[in-house]
Amino acid sequence: MFSFLILQCVVHAAPARLPSFHTCVGANEERLTPKWYKEHGIEVVLGTRVKSADVRRKTLLTAMGETISYKFLIIATGARALKLEEFGVKGSDSENVCYLRDLADANRIVDVMHSSAGGNAVVIGGGYIGMECAASLVISKINVTMVFPEDHCMARLFTPKIAAYYEEYYMAKGVKFIKGTVLSSFDIDSNGKVTAVLLRDGTRLPADMVVVGIGIRPNTSLFEGQLTLEKGGIKVNGKMQSSNSSVYAVGDVAAFPVKLFSETRRLEHVDSARKSARHAVSAIMEPEKTGDFDYLPFFYSRVFTLSWQFYGDNVGEAIHFGDFGGSKFGAFWVSKGQLVGSFLEGGTKEEYEAIAKATRLKPVIEDTAELETLGLEFALAVSQTPVQAPPQPTEVRGPSLILEKPLYVWHATAGVIVAASVAAFALWYGRKRRRW
């Protein structure tokens, strides 16, 4: 039998009133209720803060003075929301200024929304939190203005063309955008409530509530000086194991090797959190049967009637495709002659699976104009075609196997499988081999 401890941020026992959220949501799995944990022999300790950790002695000290020993420790402390005070702006403690990171934050937003019906909300930040909260506020009949310093929303992921589509959609729903500036200060009344938001460009926005989504910072403070840190998080190997063999890290706090790109990355998304947690537990329970974590970076969002998914990396040249005046469009990213990222709005389950598989295969792209013309058909064709790997020996680097040459995939348009295209492919493939 194994005994190991999962260290998480403090969890509150009260139920959520946003739709109830459990880690199984979107994965078609069991609801992880208190009853579920009890039935599976898992002790859940709520409302208990860990004050310090000693990974050498394998102990944790709680704020109540209790010492907890462990054989294995899984760090799932996630990240904290960046506060306005870290940028020199006071007012986070105002009763109608909201963040969204934990259950208490979610409950507070719901309460403030109810008291602000028909009023004005200012959303600070144009990323995930900002976009999704803005949509919910508009649906709740609140007037919304979004403020962010970038040129367009979701600047870390969206291209200007993709962002323009969503901004136009939001504006049609009544959302206003103020770009290229930031919050300067608040007007606060005698009751400690924000009544207006003042921007650096001099704009003054009346506000009944403010939602702040300006980024996060991983919760690593308990382990600084004890574990190796990288990318702002705790560095782990392909088993999610830290520089201390008894300590593992998962989710937002973990910086892990992404095999597809041969890089260490820290990803902030629920899908990565779920899958890295599964892998860590597997590595502890069945170390001989568990290989390295092979994760395809994945992000998604669903707001209003919109739904998009992104796989891979958004580096290199962006190749847009589809109908940006309609409901289905997307983009591929091509870097160093290979497809490395895919985005699709309005796809079916099969189409999302196709762009995921195409991204993982990293096919060589020689003609970006053809890729633009084929669009989604390219991903569908690639996903249905077996990989044609060149019969070359692979090079081993350390514990993992890395293909030094890309895999070549036949990406002719679906349905055009005739003798001539087979011959053309053979000629093309032969030329490629001669280049090696």
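Bear in mind that the values in this text are calculations on the coordinates, not laboratory data. Treat the numbers as computed from the prediction; the structure is a model and nothing was measured. Using ideal geometry, Cβ is built from the backbone for each residue, glycine included, and neighbour counts are taken over all protein chains shown.
Any chance you could check the Cα centroid distance between the stretch 68-129 and the stretch 138-198 for me, in angstrom?
Rounded to whole Å, the Cα centres lie 16 Å apart.
Are there trypsin sites (Lys or Arg not before Pro) in the stretch 320-380 that DSSP puts in a loop and that have at most 11 other Cβ atoms within 10 Å, and which ones?
Answer in residue order: Lys336.
Show me 246-253, 35-42 ranked by packing, highest mean number of other Cβ atoms within 10 Å first.
Order by mean packing, descending: 246-253, 35-42.
Take the alpha carbon gyration tensor of the stretch 84-214, find the square roots of its eigenvalues, order them as a ≥ b ≥ c, and report rounded if a/c is under 1.5; if not, report prolate when a/b exceeds b/c, else oblate.
Prolate, since a/c reaches 1.5 and a/b exceeds b/c.
What is the fewest-to-most order of Asp105, Asp313 by other Cβ atoms lying within 10 Å of their Cβ?
Listing Asp105, Asp313 from fewest to most nearby Cβ atoms yields Asp105, Asp313.
Could you list which residues have their amide H under 5 Å from that of Val123, counting only those 5 or more apart in sequence or on another chain, with H placed in the peptide plane?
Thr145, Met146, Val147, Val211
Based on the mean of other Cβ atoms within 10 Å per residue, sort peptides 236-245, 64-73 so the most packed one is first.
236-245, 64-73
Once the other residues with Cβ under 12 Å from the Cβ of Glu150 are scored (Lys, Arg +1; Asp, Glu -1), what is the net sum?
Residues close to Glu150 contribute a combined charge of 0.
Skipping prolines and chain starts, which residues have an amide H placed within reach, meaning under 5 Å, of the one on Ser184, given they are 5 or more residues away or on another chain?
Leu198, Leu199, Arg200
Please say if the stretch 76-156 is rounded, prolate or oblate, where rounded means a/c under 1.5 for a ≥ b ≥ c the square roots of the C-alpha gyration tensor eigenvalues, and otherwise the choice is prolate for a/b larger than b/c and oblate otherwise?
Rounded, because the longest to shortest axis ratio a/c is under 1.5.
Give me a comma-separated list of calculated 3J(HN,Hα) values for the stretch 264-277, in order, Karplus coefficients 6.51, -1.76, 1.60 applied at θ = phi - 60°, integers in Hz, x for any Gly or Pro.
My calculation for the stretch 264-277 gives 8, 9, 10, 10, 10, 7, 4, 5, 5, 4, 4, 6, 5, 5 Hz in order.
Local charge sum around Ser69 (other residues, Cβ-Cβ under 13 Å, Lys/Arg +1, Asp/Glu -1)?
Residues near Ser69 contribute +2 overall.
Please give every one of the aspartates and glutamates within straight-line cross-link reach of Lys83, meaning a C-alpha to C-alpha distance under 15 Å, and leave out same-chain neighbours fewer than 8 residues apart.
Hits, sequence-local ones excluded: Asp93, Glu95, Asp102, Asp105.
Which of rounded, prolate or oblate describes the stretch 171-282 when judged by the alpha-carbon gyration tensor and an a/c cut-off of 1.5?
It is prolate, given that a/c is not under 1.5 and a/b is the larger ratio.
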